[in-house]
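As structure tokens, the structure follows; a few thoughts come after it.
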Amino acid sequence: MTKVFNEPSFRDGVNLMVDRAMAVMGLDDGVAKAIKSCNATLQVQFPVKIRGKIEVFTGWRATHSTHRLPSKGGIRYAPYANQDEVEALAALMTYKCAIVDVPFGGSKGGLLIDPSQYSRDEMELITRRFTLELIRKGFLSPSTNVPAPDIGTGQREMSWMADTYKHLHPDDINYIACVTGKPVHHGGIQGRVEATGRGVQYALREFFRHSDDVKNANMAGSLDGKTCVIQGLGNVGYHAAKFLSEEDGVIITAVIEYNGALINDEGIDIEQLKQHVDEHGGIQTYPCAEFVEEGNAVLEKECDILLPAALESQITMENADRINTKLIVEAANGPVTFGADEILRKKGIVIIPDAYANAGGVTVSYFEWIRNISHIRLGRMQRRHDAMRGEEMSRVLEEATGRAMSEKIRNNISRGADELDLVRSGLDDTMRLAYQEIRVTRDNHENISDLRTAMYVTSIEKISRSYIEVGVF
Ligand code: NAD
């Protein structure tokens, strides 16, 4: 007989994880309630005429916190979007911004829609209409609430949203900062598309710099040669898997998608697979790996690192006991349920938690927002100056040593940083510092042994400090 597990909803699961951290901190009940509660949720229903017929769409935007403004978080287009999910994700955004020191509150949006059923023009119409609702109700502006891409949305939707806002507010000089994740030629920033996957890579690199943490996860050495199973070859999963395999020597032994999985213990070439998916519309016919229809069973395949990058609630009380990895890096939001988290911890599996692991997206969104409100490309003022200084330094070194430098070294020294260099450097620094703070919290509290609780404690300490600063408590 199949065992039925009564798991809390996604939102309740997030709250239970937060409760666990608050109990360790001994946080006052009132303060805890204030931090946990969702400030406001807007539900809109709006009609759009599609192929001669009126269709009514339902969307949400939840603002979990406003202690820092604007509130920030993605907008998801999915046929399963719902208020519970949007509120859970908005709460995660509050903790995520705090953990990486992005001075924003937490928000999230969702539209109940299956984008594959609509043409490009229809999607534009629906997106513009949804944006109008959000603007009119005060849930979208550069200073109060700034969306970004998430599942089912990307640069295209962000461009339509920014353009709709501009038409309604032509006098707002910062209009372009009303959303992030825009195309670079339309106010976006270099490196935003890859940012969440890149952040996952930087998080893993930082983890592997701490040999005691690596030992704790029953591993040794560096990322090089470690095996990894990934779930979801979308924006986050593709970039994380590509960078880890191409730059760090990680072997991607399986890729799980919604309709099956590919397995190759020798390693899957992610770029080649992505091109195949783009050409053929799916992973099924990819020739260089074995295709299995039971995709989710592959989550249980033995590996060093399991990288869920698809959706929430993928590792549950039902399959947690069979998960056969040493380290889980939560590239998706909420892929491990509260009940599964307990089981995995007892099994000794280490989890790098979502609000930290996938914070690369919001970090680079913050850089984009700064670029937008300062109306200047990062590095524009100092790039040539730095290059000149580097050239001068190379000349002095050559004179002092009497030896000519190789072209490569000379170029490295004399090259001024461009926008992409600065974005990557800022993201790397952010991911390193946040991990180090989480570790310090874990090591300073005798009641904390896992990174998730340590992450929430670190984050909640920062949030309550900022509530105190503004005089809420
Ligand atoms: P996406 O839509 O680009 O990719 C999701 C991928 O997962 C797709 O390839 C899809 O086919 C696949 N998928 C869907 N259902 C699946 C299933 N049941 N099993 C296996 N694969 C499945 O979305 P994304 O932007 O990459 O987001 C993925 C996750 O990362 C989400 O949890 C999202 O909230 C989170 N996230 C995204 C960003 C970002 O910048 N895009 C930032 C932070 C967190």
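The values are calculated or read from the model by the stated rules, or taken from the named source; none is laboratory data. Because the structure is predicted, anything quoted here is derived from the model rather than measured. We place every Cβ from the backbone using ideal geometry, glycine too, and count neighbours over all the protein chains shown.
Within the range 129-147, take every residue that is without any contact (Cβ under 8 Å) to a residue 60 or more places away in the chain and surrounded by fewer than 17 Cβ atoms within 10 Å (Cβ to Cβ) and give me the one that is nearest to the ligand (Cβ to nearest atom).
Among those that are without any contact (Cβ under 8 Å) to a residue 60 or more places away in the chain and surrounded by fewer than 17 Cβ atoms within 10 Å (Cβ to Cβ), it is G138.
Which of (1) buried (at least 17 other Cβ atoms within 10 Å of the Cβ); (2) modelled with pLDDT of 95 or more; (3) part of a helix (DSSP H, G or I) does I448 not meet, given it meets every other one?
I448 satisfies every listed condition except (3).
Take the conditions outside any helix (DSSP H, G or I), free of Cβ contacts under 8 Å to residues at least 12 places away in the same chain and of a type in the set (D, E, K, R) and apply them to D101. Does it pass?
When the stated conditions are applied, D101 does not pass them.
Condition check ((1) crowded, with 17+ Cβ neighbours inside 10 Å; (2) of a type in the set (A, V, I, L, M); (3) in a strand (DSSP E or B)) across all residues:
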site: F5; (1), (2), (3): no, no, no
site: R11; (1), (2), (3): yes, no, no
site: I35; (1), (2), (3): yes, yes, no
site: V44; (1), (2), (3): yes, yes, yes
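Which ones in the range 259-275 are crowded, with 16+ Cβ neighbours inside 10 Å and not in a helix (DSSP H, G or I)?
Hits for the range 259-275 are G260, A261, L262, I263, N264, G267, I268, D269.
Within the bounds of the range 420-435, is there any residue that is surrounded by 22 or more Cβ atoms within 10 Å (Cβ to Cβ), aliphatic (A, V, I, L, M) and in contact with a His (Cβ under 9 Å, 6 or more places away or on another chain)?
No - not one qualifying residue is present in the range 420-435.
Could you list all residues from the range 209-258 that are within 16 Å of the ligand (Cβ to nearest atom) and in a loop (DSSP other than H, G, I, E, B)?
Answer for the range 209-258, where residues must be within 16 Å of the ligand (Cβ to nearest atom) and in a loop (DSSP other than H, G, I, E, B): G232, L233, G234, Y258.
Go through the range 417-465 and give me each residue that's polar (S, T, N, Q) and touching a helix residue (DSSP H, G or I) at 6+ places or on another chain (Cβ under 8 Å).
If the condition is that a residue be polar (S, T, N, Q) and touching a helix residue (DSSP H, G or I) at 6+ places or on another chain (Cβ under 8 Å), then T430, Q436, T441, N447, S449, T453, T458, S459, S464 are the ones that fit.
For the range 259-289, which residues satisfy the criterion of being in contact with a Leu (Cβ under 7 Å, 6 or more places away or on another chain) and away from the ligand (no atom under 12 Å from the Cβ)?
Answer for the range 259-289, where residues must be in contact with a Leu (Cβ under 7 Å, 6 or more places away or on another chain) and away from the ligand (no atom under 12 Å from the Cβ): I268, Y286, A289.
Output the residues belonging to the range 110-145 that are over 24 Å from Y467 (Cα atoms) and outside any helix (DSSP H, G or I).
G110, L111, L112, I113, D114, Y118, S119, K137
Return the residues of the range 13-33 that are in a loop (DSSP other than H, G, I, E, B) and either over 23 Å from A91 (Cα atoms) or β-branched (V, I, T) (or both); say none if nothing qualifies.
Within the range 13-33, none qualify.
Given the criterion of a type outside the set (D, E), within 14 Å of the ligand (Cβ to nearest atom) and within 22 Å of the chain's Cα centre (by Cα), identify the matching residue among G191, G187.
Answer to the check: G191.
Kindly provide the set of residues from the range 212-239 that are within 13 Å of P308 (Cα to Cα) and touching a strand residue (DSSP E or B) at 6+ places or on another chain (Cβ under 6 Å), ordered by number.
C228, V229, I230, Q231, L233, G237
Cβ-Cβ below 8 Å, separation at least six or inter-chain, first residue in the range 221-250 and closer than 13 Å to C303 by Cα and assigned by TED's automatic domain parsing to the domain that holds I268, second among the basic types (K, R) and away from the ligand (no atom under 14 Å from the Cβ): which pairs?
Within 8 Å, the pairs are L223/R205; V250/K226.
Any chance the range 285-306 includes a residue that's assigned by TED's automatic domain parsing to the domain that holds H239 and at positive phi? Please lay out each step first, then the result.
Step one: list which residues in the range 285-306 are assigned by TED's automatic domain parsing to the domain that holds H239, which gives 285-306.
Add one more test, that the residue is at positive phi, and what stays is none.
Looking through the range 285-306, none of the residues is assigned by TED's automatic domain parsing to the domain that holds H239 and at positive phi.
Considering only residues of the range 451-473 that are basic (K, R) and surrounded by fewer than 19 Cβ atoms within 10 Å (Cβ to Cβ), which is farthest from M17 (Cα to Cα)? So that I can check it myself, show each step before the final result.
Quick first cut of the range 451-473, residues basic (K, R) only: 452, 462, 465.
So of that shortlist, the ones also surrounded by fewer than 19 Cβ atoms within 10 Å (Cβ to Cβ) come out as 462, 465.
On the way: K462: 17, R465: 20 Å.
So the residue we want is R465.
Taking the condition more than 19 Å from the chain's Cα centre (by Cα), under 19 Å from G181 (Cβ atoms) and modelled with pLDDT of 95 or more, does R377 pass? Break it down stepwise before answering.
Values: more than 19 Å from the chain's Cα centre (by Cα): yes; under 19 Å from G181 (Cβ atoms): yes; modelled with pLDDT of 95 or more: no.
In short, no.
Can you pull out the helices (runs of 4 or more DSSP H) entirely within the range 317-390 that have at least 3 residues that are hydrophobic (A, V, I, L, M, F, W, C) and away from the ligand (no atom under 16 Å from the Cβ)? Outline the logic, then answer.
On the way: elements: 338-347, 354-357, 360-374.
Passing ranges, in order: 338-347.
Looking only at the range 404-419, count how many residues are part of a helix (DSSP H, G or I), more than 30 Å from the chain's Cα centre (by Cα) and not aliphatic (A, V, I, L, M). Reasoning before the result, please.
To start, the set of residues in the range 404-419 that are part of a helix (DSSP H, G or I) comprises 407-414, 419.
This time we only want the ones that are more than 30 Å from the chain's Cα centre (by Cα), so: 407-414.
Those left that are additionally not aliphatic (A, V, I, L, M): 407-408, 410-412, 414.
So the count comes out to 6.
Return yes or no: is I151 at pLDDT below 95 and of a type in the set (V, I, T)? So that I can check it myself, show each step before the final result.
On the way: at pLDDT below 95: yes; of a type in the set (V, I, T): yes.
Criteria met by I151.
Going by what's in this entry, would I75 be described as modelled with pLDDT of 95 or more, of a type outside the set (S, T, N, Q), touching a strand residue (DSSP E or B) at 6+ places or on another chain (Cβ under 7 Å) and crowded, with 24+ Cβ neighbours inside 10 Å?
It is true that I75 is modelled with pLDDT of 95 or more, of a type outside the set (S, T, N, Q), touching a strand residue (DSSP E or B) at 6+ places or on another chain (Cβ under 7 Å) and crowded, with 24+ Cβ neighbours inside 10 Å.
Between D150, D172, which is touching a strand residue (DSSP E or B) at 6+ places or on another chain (Cβ under 9 Å), within 16 Å of the ligand (Cβ to nearest atom) and acidic (D, E)? Steps first, answer last, please.
On the way: D172 fails: within 16 Å of the ligand (Cβ to nearest atom).
Only one candidate passes the filter, namely D150.
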